[in-house]
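Step one of this worksheet: look at the structure below.
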Amino acid sequence: MAEALFDVLWFIDGSDDEQMDQDDAVKVMEGVAHVVSTLSSDQQQELIALLGETAAAETNPARREFLEELPQGLGLIDHLS
């Protein structure tokens with residue numbers, strides 16, 4: 001399920017105006033960040049670990065960078081620091 005979420009967020013992040021309204025893209029990303037912020041600390045740590053594993057296995061450099069930056073983008077790093 002998490003990997004499907006990563007795929008959707010990757011699509012949204014890389015979409016242009018013709019693929020998706022950018023205001024809607026921001027709303028979706030903010031909504032996901034809010035849901036993630038309501039997870040327990042243990043769940044957030046699991047998500048961070050899964051993102052790290054997924055990024056390490058990623059062969060597309062741009063997608064790998066996106067996955068590596070996603071915890072911070074979702075507020076997980078700042079929230080747990």
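The values are calculated or read from the model by the stated rules, or taken from the named source; none is laboratory data. None of the values given here were measured: they were computed from a predicted structure. Neighbour counts run over all protein chains shown; Cβ positions are idealised from the backbone, glycine included. Quick note on the areas: whole protein, heavy atoms, side chains included, nothing else; ligands and nucleic acids left out. Shrake-Rupley method; radii C 1.70, N 1.55, O 1.52, S 1.80 Å.
In the chain, helical runs assigned H by DSSP with n ≥ 4 each contribute -39500 (n - 2.57); averaged across all residues and rounded to the nearest 500, the mean residue ellipticity at 222 nm is -25000 deg cm²/dmol. All other residues with a Cβ under 12 Å from the Cβ of A2 taken together, and with Lys, Arg as +1 and Asp, Glu as -1, what is their net charge? Neighbour charge sum, excluding A2 itself: -4. Of the residues I48, I77, the one with the largest accessible area comes first in the ranking I77, I48, computed with a 1.4 Å probe on protein heavy atoms.
Put +1 on the Cβ of each Lys and Arg and -1 on the Cβ of each Asp and Glu in the chain; which of V36, A4, G73 then has its Cα farthest toward the positive end of the dipole? Working it through, the farthest residue towards the positive pole turns out to be V36.
Placing +1 on the Cβ of every Lys and Arg and -1 on the Cβ of every Asp and Glu, with no other charges, gives the stretch 11-81 a dipole of roughly 300 debye about its Cα centre.
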